[in-house]
Each structure stands twice: as C-alpha cells, then as structure tokens.
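Below is one structure, written out as structure tokens; comments come after it.
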Amino acid sequence: MKSLLNFSNLKHDFPSGLVVFLVALPLCLGIALASGAPLISGVVAGIVGGIVVGAISGSQVGVAGPAAGLTVIVLNAITELGAFDSFILAVVLAGFIQIILGAVKAGVIGYYFPSSVIKGMLTAIGIIIILKQIPHVFGIDQDYEGDENFIQKDGENTFSELLNITDRLNEGALIIGVISILVLIFWDTDFIKRNKILSIVPGPLLAVLLGVFLNSGLSILPPNFHLQNNHLVNLPVTNSLSDITSFLVFPDFSAISNPLIWKTAFVIAIVASLETLLSVEATDKLDPQSRLTPTNRELIAQGSGNIISGLIGGLPVTQVIVRSSANIQSGNKSKLSAIIHGIILLVCTLSIPGLLNLIPLASLAAVLIMVGYKLAKPSMFKSMFKEGPDQFVPFIITVLAVVFTDLLTGIAIGVAIAMIYILYTNYKGSMTVVRQDKNVLITFNKDIFYFNKSELMQNLATLKSGDQVLVDGSKTTFIDHDIFLTLEEFQTEAKVRHINIEFKNIKRRKLNYRKSDGIVSKTLVS
C-alpha cells in the first residue's frame, strides 16, 4: 500500500490510467454481454479490478478486470444455476478459494511456463486483437468487444468475419476508424514525442474525441454514414445514485448449500488463477523495468477482488493481458495507473454515461489495433527464429494454437510442444560412446531420465564379446531408477556375453559399492 501514497509518477500514471480506461470500457461491456450477464456487472468488475485488485496487488504494470477467457464458463454457469444472484455467490466463494491458493503458495505454478510459450501467447493475443477489431473499424459490431475465441457467438469465426466484411460495412464507421488509426500512428512518431506540449495529450484520447466529433459531423450526410446506437458504446444510463443500486444484483446466500454453486466456484477459481498467472508472466516480460510480480500475493489480490465484485453484482476478475499491455505501452510507472483507471471508470459511469455513449466503437477498435500491433511486431518473429528451433517451434505453434482455438487451449498445446522439445534435446545429447579396440567408454553427459533408457539399451546392444566397458556418470547429478535397473539387468547379460563392465561415479542411494582404482565396482548391489 505504500506505493499508493507515492504520487511522484502521476504525470505518467494518470495518462496511462486514462488510456486503460478507454480500452477497458468496451471490453467490460462486451464481455458482460457475451456472458449473458447484466451490462453493469462488467463495469462493476472493471472498477473492482482497478481499485481493489490494483491496491492489493504487487504488480506495477498489471490491470485486472473481467476476462474474455471466462465468458463461456460464466454463460454456462448462469444458465445451469438459473439465476445471476446464485452465480455471483459462486464468484464470492471463488475469491475465498483463490486467497487460500495464494496462502499455500500455489502462485509458483506461474514460473513453470516456458518463455517461448509466453512470448507466443503475447504475439497471438496481438494478432487476435487486430483480426477481431478490423470488423469493428468497418462498423461490423455483431461480435462482442473483447472476444478472443476463434469460433464466435454470432456463428462466424475470426476469418469468415473478415471475408464478408465488404458486404456489411458501415461507411461512417470506416471513415472514423481509418482516421483514428492514422491519428494514433502519427501520435506515436518522434515528432510528437519530442514536442513538450503535444506529447502531454494521450493519442488514444485524441482519437476517441475526434471520433465523437466526426460522428456528430457525419449526421449531415446520408443515413448510412451516421452511426446508430449499435455502433456506439452502450453503457447503462443512470440519473441518480438510486438508479445505480437498482441495477446491481446481490448474492443469494440461501443457495450456498447447492453443490453446483461450489462446483462453479472451484472452476472459476482455477481458471481465473491460471489466466492471472499467465498474464503475470507475460506482463513481467513486457515491463521495461523488468520488475517481478509476487505471484502468491497476486492470487490473494485477485481473490479479494472476486469477493468484492461478487458481493456487489460483478463478474469474476483476472489480470488481463490486453489492459496490462495498453498500460505498459502508455508509459505507466507504477500500479497507481491501474487504480486511476478504476476510479475514472467509476466516476464516469456515475456522472457522464450519456457522454460515454457517444463514443464510436470504431475509434476504440483503432486504439486496440495499435495495442495489438505492438504485441505482434514482425521483429518478434525474427528474434525468436534466430534463437533456434527449440524456441521458435513452441513459439510459432503457440501463436497458431491460440489464434485458432482459445487462450488456455493454445497455451496447453504450446506447453506440450515445449515439453516434447525438452525431452527430445535431453534424449539426443544424453550420452556418448567412444571405442578404442576392445575398450569402450560410455559417458553420461547430463542427468539421465527414464526416456534415455532406449538410447542406453541401443548402446549396450552394440557391445561385443571381450569388450572392456566403463560407464562414467561423473557429469550427472541425477540418474533415474529405470536407468539403474537397465544397468543391473545388463550385468547378468554381460557375464553371458563375456563383457567386462565397470562403473564410475554411478551413485544410487542404498547401494553397496566396491572400489578399484577410483572406479566404482563391477556390480551394482541394491
């Protein structure tokens, strides 16, 4: 909490918080719509993710809010439970489960994802953002904002939506979207960055304000140029504080004995925790200052956020890569920017929802496209290719898997491929065989695991009668039990084949050894 009192970075964190607010607003509404939940529940989750999670979290760059990866789970759970007030009870319980996970230090799981897979995930999300936002630039807003899945709810998929784009485009949205993109590109040039006055104005804010102005001007043109409400932000309008409370839904605690509530709670807790840990790994890699997020504290922060969100009718929250990336790209310096974005979301929802509803989705899509491009720059593909196939193959497969499925499925595929490469590289260079006449040296070059058994058996099978064999394990710190069994079984075979085999530094717990000239004995005794 100490960093909350440090406002020395406010000149950086306030503009970043404002940009994150512009990115978060349509995502909060879109994810709520896709989840079959009240629209205000997405906004509540965004506010809680910014203020509550931001205050407790140890991440200086991460931003929490409702996540697209949970939409299917939320939609199915609301349908299965039959009532939204029962569902948000599950969100509250999921929060307590996450706090327990943090307390037992389950956050360590986040450290086991290979960097090639994390980079692939970031690049894939960048590509998805671009592909999903292009239709919104053209005024095609059937698919909800924030969708990351290949198969869409509207029956299309990521690519079929693009193929039909010219049949359904809105000319007004296209004008606004293209101009917004051009403004953002220009605002990212060195000319603007070097200008002390112009650089104060965030490019995304300028693009959004320009979009509102252009849409007002387009009203004088034919109707197909003027954007209707379905192409604008659609925030619930309130006239007083009492209106806000009438929109909110509160948990039905009488349903706490329902086993479906607990099942939903555990599913939300596990999936939300995994998405959070993945996002933490990714955003830490993007952080220009290379700061590390305490993962156990992050789980506690997310759990606390879900308890508060559920208690006041909000969707479940996780740390979200898109918002976090926008935060980093906007030059934030501390977690104050995440809190500021939540405060702006709260204040604007209460005070100026009508003005927010004038913002064209095409302008916000332009902002997101620029976020996506910075995540999926061509230079990333070049640098990963230079690192070799053991890094590039898991990276590119993760990219394709995430784009053509969804986040968690794609990550699972990427991790599986990375593990196969680890097994392959360990198998290939695990041992060498050197022969000089009848003298044969088998050297274990690294730790030997059960999957090296095949290579060992092939090498032993090449030995000939009368060979003098030394198996050297000096370079190992671990030898798998299956390897010891293979060596022991070969000792019996060696006697029959008249092969003399000796072992050096082959250590196994609870074995008796006989030493001769520094060589551990001809027999392994278990």
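For residues that are open to solvent by 60 Å² or more (accessible area, probe 1.4 Å) and either assigned to a loop (DSSP other than H, G, I, E, B) or of a type outside the set (A, V, I, L, M) (or both), tally how many sit in segment 189-200.
The qualifying residues number 6.
Among (1) in a helix (DSSP H, G or I); (2) in contact with an Asp or Glu (Cβ under 6 Å, 6 or more places away or on another chain); (3) closer than 20 Å to Val23 by Cβ, there is one condition Leu205 misses while meeting the rest; what is its number?
Here Leu205 meets the rest and fails (2).
Failed condition for Ile339, given (1) surrounded by fewer than 20 Cβ atoms within 10 Å (Cβ to Cβ); (2) more than 28 Å from His226 (Cβ to Cβ), with all others met?
Only one criterion is unmet by Ile339, namely (1).
How many of the residues in segment 289-315 are hydroxyl-bearing (Ser, Thr, Tyr) and not in a helix (DSSP H, G or I)?
Qualifying residue count, segment 289-315: 2.
Taking segment 421-438 on its own, how many of its residues are of a type in the set (A, V, I, L, M, F, W, C) and in contact with a strand residue (DSSP E or B) (Cβ under 7 Å, 6 or more places away or on another chain)?
Within segment 421-438, residues that are of a type in the set (A, V, I, L, M, F, W, C) and in contact with a strand residue (DSSP E or B) (Cβ under 7 Å, 6 or more places away or on another chain) number 3.
Open to solvent by less than 40 Å² (accessible area, probe 1.4 Å), at negative phi and modelled with pLDDT under 95: is that true of Pro38 in this structure?
no
Given the residues Val208, Val237, Val201, Val212, which is the only one that is closer than 30 Å to Asp85 by Cα and within 33 Å of the chain's Cα centre (by Cα)?
Of the residues listed, the single one that is closer than 30 Å to Asp85 by Cα and within 33 Å of the chain's Cα centre (by Cα) is Val237.
Out of everything in segment 429-446 that is surrounded by 15 or more Cβ atoms within 10 Å (Cβ to Cβ) and aliphatic (A, V, I, L, M), what residue ends up being farthest from Ile479 (Cα to Cα)?
Restricting to residues being surrounded by 15 or more Cβ atoms within 10 Å (Cβ to Cβ) and aliphatic (A, V, I, L, M), the top hit is Val440.
Limited to segment 489-524, what total is found for residues that are under 17 Å from Asp467 (Cβ atoms), open to solvent by less than 100 Å² (accessible area, probe 1.4 Å), at pLDDT 50 or above and not hydroxyl-bearing (Ser, Thr, Tyr)?
Count: 11.
Among the candidates Val371, Val415, single out the residue that is in contact (Cβ under 8 Å) with a residue 60 or more places away in the chain and closer than 30 Å to Gly177 by Cβ.
After applying the criteria, what remains is Val371.
So, in segment 447-486, exactly how many residues are assigned to a strand (DSSP E or B), under 22 Å from His498 (Cα atoms) and open to solvent by less than 60 Å² (accessible area, probe 1.4 Å)?
4
Conditions first: (1) within 32 Å of the chain's Cα centre (by Cα); (2) under 20 Å from Ala37 (Cα atoms); (3) not small (Gly, Ala, Ser). Thr245 passes all but one, so which condition is the exception?
Here Thr245 meets the rest and fails (1).
Going residue by residue through segment 441-455, is there one that turns out to be closer than 30 Å to Val399 by Cβ and among the β-branched types (Val, Ile, Thr)?
No; the residues of segment 441-455 include none that is closer than 30 Å to Val399 by Cβ and among the β-branched types (Val, Ile, Thr).
Any residue in segment 207-234 that's under 17 Å from Gln133 (Cβ atoms): show its pairings with residues that are open to solvent by 60 Å² or more (accessible area, probe 1.4 Å) at Cβ separation under 8 Å, as long as the two are six or more apart or on different chains.
Correct list of pairs: Leu232/Leu358; Val233/Leu358.
For segment 208-235, give me each residue that is open to solvent by less than 60 Å² (accessible area, probe 1.4 Å) and farther than 23 Å from Val19 by Cβ.
Correct list: Gly217, Leu218, Phe225, His226.
Residues Glu275, Glu281: which one is out of contact with any Cys (no Cβ under 7 Å at 6 or more places or on another chain), under 17 Å from Glu148 (Cβ atoms) and of a type in the set (Asp, Glu)?
After applying the criteria, what remains is Glu275.
Could we say that Ser257 is closer than 30 Å to Thr79 by Cβ, assigned to a helix (DSSP H, G or I) and either more than 29 Å from the chain's Cα centre (by Cα) or not charged (D, E, K, R) (or both) here?
no
Would you please name the residue that is most open to solvent (accessible area, probe 1.4 Å), looking only at residues in segment 345-369 that are hydroxyl-bearing (Ser, Thr, Tyr) and more than 9 Å from Gly211 (Cβ to Cβ)?
The residue in question is Ser351.
Among helices (runs of 4 or more DSSP H) lying entirely in segment 346-435, which contain 1 or more residues that are hydroxyl-bearing (Ser, Thr, Tyr)?
Output list reads 361-375, 378-386, 389-404, 407-428.
The values are calculated or read from the model by the stated rules, or taken from the named source; none is laboratory data. Everything numeric in this text was worked out from a predicted model, so none of it was measured. Here Cβ is always computed from backbone atoms with ideal geometry, including for glycine, and neighbour counts include all displayed protein chains. In case anyone asks, the SASA skips ligands and DNA or RNA and just uses the protein heavy atoms, side chains included. Shrake-Rupley method; radii C 1.70, N 1.55, O 1.52, S 1.80 Å.
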